[in-house]
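The values are calculated or read from the model by the stated rules, or taken from the named source; none is laboratory data. Since the structure is predicted, the reported quantities are computational estimates derived from the model, not experimental observations. Here the Cβ is made from the backbone with ideal geometry for all residues, glycine too, and neighbour counts use every protein chain on show.
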Amino acid sequence: MSSLKHIAVVGAGPAGLMAAEVLAAGGASVIVYDAMPSVARKFLMAGRGGLNLTHSEELTAFLPRYRDAAPWLAPAIQAFSPQQLRDWCEALGQPTFVGSSGRVFPVAMKASPLLRAWLRRLDAQGVRVELRHRWTDWDDQGRLIFDTPNGPRAIAADATVLALGGASWPRLGSDGGWVSILAANGIAIAPLRPANCGFTVGWSDLFRDRFEGQPLKGIALSFGERSVRGEAVVTRDGIEGGAVYALSAELREAIALHGEAILHVTLRPDLERPDLIRRLSAPRGKQSFSNVLRKALQLSPVAIGLLQEVAKTKGLSLSSLPPGHLAALVNDLPIKLTGTAGLARAISSAGGIARDELDADYMLKRRPGVFAAGEMLDWEAPTGGYLLQASFATGVAAGKGALKWLRETGPS
């Protein structure tokens, strides 16, 4: 770059910090602005249960996880691949490992050591961070306007990267407040919707009060042609958990279209129907029916309760069902979902800046010199490392795009 350019990065999450690193390495003077009192709060929260950075599967399997956004995101992810993300972590002194499910984690299993090392590197590169700066718009001179503890502040920048996140877990900083700002500036926004979310179910008071918070382990869930194995958790108002999240996009869309969706639960996916029938046909003796289900099928109390809950809605008496009918119900238990859990409780959000609003370098076509990255773009992905991978990769792409624009067509 012929002369030092000042770049403003708005948002200090993974996408914004990665864009800042790329920009600083390219010779720019970078200041990162964030509304919160500290950086990367959602990133730190994600690391509390073990920071799932990315996934080890081949890109041929990895990219389709982004559904219809896959062709759009592919160049960015190919340019900063899961292996390159792992190499980047290694260079920060934070080696990674592949878990049994193929998910990639830092050996430390936390976000905080990685973030500390990353911030030290950014500081060494000359990147500054300005906290408690909430972006509110551009002024008539194209300057960024921030609300700060000392009042409004106008910042002129040669280029800007917006990385403001989606709208899930708003208390951590990503509250979707940018939607109205960009929309007022003529930029199309796909509505923000819950992703990797739970769903509402009309549980009876008896089932809700007894089993709220209890996990359904070793199950399979299916909807349409998709089936996933994993776990789910009964909530007071419905159901959530990893297996539910994997199907959440399809379930959300079905509910939006039809007002409900039927989720099918397989309580013993490892047992074929003939084996279930054989076990259920054994003499019961004086055992209670719940004990029969517990001993013969190794069902947990919450699984038995779920069977009873569904049977009740269908007017069925489980103990009176022939073994064949009961076996069919055990491994094809229909649960009616009536709505999605709120966006604030979702793991992530779908929707965001419409893809047509961006050029191939992640620059807003209506705002030359303004780039966007991360979850504020219109894509979604399941849990398993795909969310962070795309956030990192689009941050890299936006940073490279800003450098390219400054070199070729930006202000001199």
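Summary of values
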item	result
Residue check, Ala108 small (Gly, Ala, Ser), more than 30 Å from Glu250 (Cβ to Cβ) and at pLDDT below 95	yes
Residues located in region 353-412, provided they are in a loop (DSSP other than H, G, I, E, B) and of a type in the set (S, T, N, Q)	Thr383, Thr409, Ser412
Strands (runs of 3 or more DSSP E) contained entirely in region 138-198, each with at least 1 residues that are in contact with a Ser or Thr (Cβ under 6 Å, 6 or more places away or on another chain) and of a type in the set (Asp, Glu)	144-148
Entirely in region 217-283, the strands (runs of 3 or more DSSP E) that have 2 or more residues that are in contact with a strand residue (DSSP E or B) (Cβ under 8 Å, 6 or more places away or on another chain) and under 18 Å from Ile304 (Cβ atoms)	226-234, 261-266
Single unsatisfied condition, Trp135 versus (1) surrounded by 15 or more Cβ atoms within 10 Å (Cβ to Cβ); (2) part of a loop (DSSP other than H, G, I, E, B)	(2)
Lone qualifier among Val179, Val127 - being surrounded by 15 or more Cβ atoms within 10 Å (Cβ to Cβ), of a type in the set (Val, Ile, Thr) and under 19 Å from Ile7 (Cβ atoms)	Val127
Test for Ser300: is it among the hydroxyl-bearing types (Ser, Thr, Tyr), surrounded by 14 or more Cβ atoms within 10 Å (Cβ to Cβ), at pLDDT 90 or above and closer than 21 Å to Gly238 by Cα	yes
Filtered residue count, region 50-98, keeping only those that are in contact with a helix residue (DSSP H, G or I) (Cβ under 9 Å, 6 or more places away or on another chain), small (Gly, Ala, Ser) and part of a helix (DSSP H, G or I)	6
Of all residues in region 26-71 being more than 26 Å from Ala402 (Cα to Cα) and of a type in the set (Ser, Thr, Tyr), the one that is nearest to the chain's Cα centre (by Cα)	Ser56
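To keep it simple, each residue is scored yes or no on (1) buried (at least 22 other Cβ atoms within 10 Å of the Cβ); (2) modelled with pLDDT of 95 or more; (3) more than 30 Å from Phe43 (Cα to Cα); (4) not assigned by TED's automatic domain parsing to the domain that holds Arg236.
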| site | (1), (2), (3), (4) |
| --- | --- |
| Lys312 | no, no, yes, no |
| Gly324 | no, no, yes, no |
| Arg355 | no, yes, no, yes |
| Pro368 | no, yes, no, yes |
| Ala372 | yes, yes, no, yes |
| Trp379 | yes, yes, no, yes |
| Pro382 | yes, no, no, yes |
| Val396 | yes, yes, no, yes |
| Gly401 | yes, yes, no, yes |
